[in-house]
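Each remark here refers to the structure printed beneath this line.
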Amino acid sequence: MQHTNTQDTLVGLFVVAGIAGLFFLALQVSNLGSFTSGQGYTLTANFTNSGGLKVRSPVSLAGVKIGQVSAIDLNPTTYQSVVTMHIDTAYNNLPDDTTASIFTAGLLGEQYVSLEPGGSDTYLKDQGKIDITQPAIILEKAIGQFLFKSAEEKSE
Amino acid sequence: MIRLLRQLGGDTRTGFTKLGRSSRFLLLALGGVVSVLLRPRLLLNQLYSVGVLSFLIISISGLFVGMVLGLQGYYTLSDFGAEETLGVLVAASLVRELGPVISGLLFAGRAGSALTAEIGLMKATEQLSGMEMMAVDPIKRIISPRFLAGCLSMPLLAALFSAIGIIGGEWVGVGLLGVDAGAYWGQMQAKLDFQNDIVNGFIKSLVFGFVATWIALFEGYDAVPTAEGVSRATTRTVVNSAFSILGIDFILTALMFGDD
């Protein structure tokens, strides 16, 4: 009887360990754990070009992640990219002259929205809009311009 | 020439007969699953011998595979200055491919061969016929509990393999090579999707468990009841399971990850 008891315990431990492994994968490894649960507010910003920004790309301020991109749409009249961001409630004191830029993490890294606070005393509210934006730097474009310029300089 | 053709025809025919027998066997085993649920003791014993006893080999292999991935991935990624994506590399390759496939192969080698040998010996020593004489259905009593245990154990083992591998990768990447821990986990969470990666990997491991257990049980049940026959059946189990797992893995990957 003792034998079957230890066996049962081991089976139980095995099943628990397996399920714990699954939970670990679901919560720690995948994006399921980082789903924002309504605990926050949304801001929008219009960019002339949002580059390779994706839904769930991070939104950071001074290098700290404070939210994530929840939607990217095209404004059909201005042809601008409308980026909706979900910001954590803990950071509800962003000045209304905050600027938003799209940067790339490293040369080949993914793109993210970087916010830079201004000096205003009024804060951005839910559904607020960030007016000052800087579009994503398209690497190919920049290299193209650089090459074009150096070629021009040479011919002069 | 004619003899060769005849041989080919004969082989094809026996191949098809075997496929038919194994399908019939599968249906019978599935039919017996309901009666297993009424006797959980049988299932528990099999979960022990199929799952718990495979636990050690799976977790140690997972740890080492994860550590090797961490090392190799780091050296390749550092050429591009992209060490931060090490977490994505380790986790994606483990969850999508290596976890289900390697634990499937180990499962076939560790648990599958044991199942075949056990059932083959039962047949060789006429225990199965003895059961029939006593009006006990050997399929319900012997096969179905093992089948269910295999199908249940394999996804858990694969999940453990991946989880331990990811932790092993972190030891090497973050602990030894100095990748930032926040980047390791953060990029992983940003890049890996629950639906696309975790659930698909889980489905893969479920399918591999099903196939490996089916092959192991059928080969044992179908073995020639001699010492040589059992040994051949055990070999066939490992070879056929490995082929099926790798082949099915290709098909599943094409279906799951083909469009993105």
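The values are calculated or read from the model by the stated rules, or taken from the named source; none is laboratory data. Predicted model, so just to flag it, every value in this text is computed and none were measured. Note that we place each Cβ from the backbone using ideal geometry, even for glycine, and neighbour counts take in every protein chain shown. Accessible surface is based on the protein model in full, side chains and every heavy atom, while ligands, DNA and RNA are left aside. Shrake-Rupley method; radii C 1.70, N 1.55, O 1.52, S 1.80 Å.
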Q: Kindly report, to the nearest 10 Å², the accessible surface of B:M122 as traced by a 1.4 Å probe over protein heavy atoms only.
A: 20 Å²
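So in the protein assembly as shown, what percent of DSSP beta bridges are antiparallel if you round to the nearest 5?
Numbers: 27 of 36 bridges.
Taking every DSSP beta bridge with both residues in the protein assembly as shown, the antiparallel ones total about 75 percent.
Hey, can you find the accessible area per residue of the protein assembly as shown for me, probe 1.4 Å, expressed in square angstrom? Mind dumping the intermediate values first?
Details: 21790 Å² over 416 residues.
I get 52 Å² per residue for this part.
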**Q.** Size of the B/A contact, given as accessible area buried on both chains, probe 1.4 Å, in Å²
**A.** 2400 Å²
Q: Output the residues of region B:189-229 meeting this criterion: accessible area (heavy atoms, 1.4 Å probe) in the chain alone minus accessible area with all protein chains in place is 50 Å² or greater.
A: B:Q189, B:F194, B:I198
Q | Note, ³J(HN,Hα) from phi for region A:94-100, Karplus 6.51, -1.76, 1.60, rounded to Hz, x at Gly and Pro | A | 7, x, 7, 9, 5, 9, 10
Q.
Ignoring ligands, DNA and RNA, please state the percent of accessible area on chain B from carbon and sulfur, probe 1.4 Å.
A. 68 percent
Q. ³J(HN,Hα) across region B:136-152 via Karplus (A = 6.51, B = -1.76, C = 1.60, θ = phi - 60°), whole Hz, x for Gly/Pro?
A. 9, 6, x, 5, 5, 7, 10, 6, 4, x, 5, 4, 4, 4, x, 5, 7
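When a/c reaches 1.5 or more, the comparison of a/b and b/c decides; with that in mind, is chain B rounded, prolate or oblate per its Cα gyration tensor? List each step's numbers first, then the result.
Numbers: a/c = 2.52, a/b = 1.86, b/c = 1.36.
Note, shape of chain B comes out prolate.
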Q: Enter the angle in degrees (range 0 to 90, nearest 10) between the Cα long axis of helix A:139-155 and the first principal axis of the Cα atoms of chain A, meaning the one along which they spread out most.
A: 30 degrees
Q | For region A:79-95 versus region B:183-218, the gap between their alpha-carbon centres in whole angstrom | A | 35 Å
Q | Amide H contacts under 5 Å for B:V179, placed H, 5+ residues apart | A | B:V174
Q. From the backbone phi of region B:14-20, what are the Karplus-calculated ³J(HN,Hα) couplings (6.51 cos²θ - 1.76 cosθ + 1.60, θ = phi - 60°) in whole Hz, Gly and Pro given as x?
A. 5, x, 5, 4, 5, 4, x
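With a 10 Å radius around each residue's Cβ, average the other Cβ atoms per peptide and rank B:157-170, B:189-202, A:5-18, highest first.
Numbers: B:157-170: 27.6, B:189-202: 19.4, A:5-18: 15.4.
Averaged packing, sorted descending, gives the order B:157-170, B:189-202, A:5-18.
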Q: Using amide H atoms built 1.01 Å from N in the peptide plane, name the residues 5+ places from A:T133, or on other chains, whose amide H lies under 5 Å from its own.
A: A:A100
Q. Counting only residues 5 or more places away or on other chains, whose amide H sits under 5 Å from the amide H of A:L61 once H atoms are built in the peptide plane?
A. A:I66, A:L115
Q.
At 1.4 Å probe size, with the rest of the protein present, what percent of the exposed accessible area of region A:40-143 is carbon and sulfur atoms?
A. 56 percent
Q: First check a/c for region B:1-68, with a ≥ b ≥ c the square roots of the eigenvalues of its C-alpha gyration tensor; if it is under 1.5, answer rounded, and if not, answer prolate when a/b is larger than b/c or oblate otherwise.
A: oblate
Q) Between rounded, prolate and oblate, where does region B:1-143 land on the alpha carbon gyration tensor, with a ≥ b ≥ c its root eigenvalues, rounded for a/c under 1.5, else prolate if a/b exceeds b/c? A) oblate
Q: Give me the angle, in degrees from 0 to 90, between the Cα long axis of helix B:113-124 and the longest principal axis of the Cα atoms of chain B, rounded to the nearest 10.
A: 10 degrees
Q) Name the residues of region B:35-49 whose accessible area, probed at 1.4 Å, falls by at least 50 Å² once all protein chains are in place instead of their chain on its own? A) B:Y48
Q.
Quick check: the angle from helix A:2-24's long axis to the longest principal axis of chain A, C-alpha only, nearest 10 degrees?
A. 10 degrees
